[in-house]
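Just so it is clear, none of the values below were taken in a lab; they were calculated from the coordinates. Keep in mind the model is a prediction, meaning the values are calculated, not measured. Positions of Cβ are generated from backbone atoms using ideal geometry, with glycine treated the same way; all protein chains shown enter the neighbour counts.
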Amino acid sequence: MSLKEVTIIITTLRSEDKIGACLDSINSAVKVIIIENSNNFQFKKNIENKYQNVECILSGENLGYGKANNLGLRKVKTKYALVLNPDTILDTDALKNFVNTAKQIKYFSLIGPNQNEQIKKGSKEQNILEVKNIKGFAIFFNMKNFLNQNYFDENYFLYFEEIDLCRQIIRKKEKIYINEKIKVYHFGGESVKSFNKLEIEKSRNWHWMWSTFYYHKKNYNFIYSLIIIFPKLISSISKYLFFSIFLDKKKKIIYLYRLKGIINSILNKKSWYRPSLD
């Protein structure tokens with residue numbers, strides 16, 4: 001078992017406050033590729049000076065989760081890759097357990113850790129389980145199964161990327177597993193330093209709605225996706241009007257962006273909206 005068979009990919013966006021704890025939990029023998037979704041040269045310089053096993057690539061723009069991870073995955077030359085969120089911490093034996101599980105199973109596309117993100121140390125270890133999907137905070141790739149580089153669908157900017165990836169893998173009759181003794185601690189929603197919380201909320205609501213419609217249209221059909229999104233469309237319109245009347249500006253804006261996300265997806269427009277973090 002060699003940890004040098006693994007490359008870790010971490011997509012960041014102004015994650016200076018969180019990334020240090022994540023990197024400190026990674027064995028220094030493992031190569032790490034960070035994709036920073038900006039042109040923050042100082043961030044790159046600081047990280048690469050402190051961590052000799054880390055290469056930081058500046059995308060120059062906000063590519064989103066899937067496209068940025070794809071950029072990193074295409075640079076991987078090892079047998080395995082671990083896509084990791086910056087607001088995670090690896091348990092001491094996590095990487096060893098990922099590799100050992102890969103050796104034990106052999107025929108797999110993805111492995112996930114324990115899916116309870118707030119794991120308590122000493123929790124009961126379970127068997128390796130075959131599943132249909134895993135959460136996106138830590139995904140272990142068997143790179144030989146992705147020779148066509150068919151990783152994440154880059155049409156998504158935010159949300160549903162890992163759900164969609166897992167669905168495509170299951171359709172090809174490939175295997176996904178979790179091993180509940182693999183522990184990765186995830187502090188969800190804390191990977192971006194929120195300079196403007198309203199901007200983050202606008203983006204989350206826009207993209208949640210856009211991705212919801214797109215996912216169902218892609219994997220089912222247009223009519224089915226309309227049926228799924230219609231209650232959310234009516235709710236967004238109703239709440240936008242309600243908060244307009246009762247003068248709650250913040251909630252009015254949030255439901256306006258939910259509505260915009262739905263409309264843009266129905267009209268087959270790209271997932272173009274980007275939050276302003278300045």
Inter-part gap, Cα centre of segment 230-278 to Cα centre of segment 1-60, in whole angstrom, is 35
Measuring from its Cα centre, the chain shows a charge dipole (+1 at each Lys and Arg Cβ, -1 at each Asp and Glu Cβ) which, in debye to the nearest 20, is 620
Computed over the chain: longest principal axis from alpha-carbon atoms vs helix 41-50 long axis, angle to nearest 10 degrees, is 30
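When DSSP assigns beta bridges and you keep just the ones with both residues in the chain, what percent turn out antiparallel, to the nearest 5?
Values: 14 of 33 bridges.
Taking every DSSP beta bridge with both residues in the chain, the antiparallel ones total about 40 percent.
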With only helices counted (DSSP H, runs n ≥ 4, each -39500 (n - 2.57)), the per-residue ellipticity at 222 nm for the chain, to the nearest 500, works out to -13500 deg cm²/dmol
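I need to check one value: relative contact order of the chain, counting alpha carbon pairs closer than 8 Å and at least 6 residues apart, in percent.
On the way: 508 pairs, mean separation 53.8, N = 278.
Computed over the chain, the figure is 19 percent.
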Set K31/K135; K106/K132; K18/K67; K77/K217; K218/K250, cut-off 26 Å on Cα-Cα distance; pairs above it are K77/K217; K218/K250
Simple SL model, points at 7 angstrom along Cα→Cβ for K250 and Y220; separation in nm is 3.4
Per the rule of 0.36 nm per residue minus the C-alpha distance, extending Q42 to D24 adds in nm 4.6 nm
Given the candidates P231, P275, Q42, the one whose Cα lies deepest towards the positive end of the charge dipole of the chain, counting +1 at each Lys or Arg C-beta and -1 at each Asp or Glu C-beta, is P231
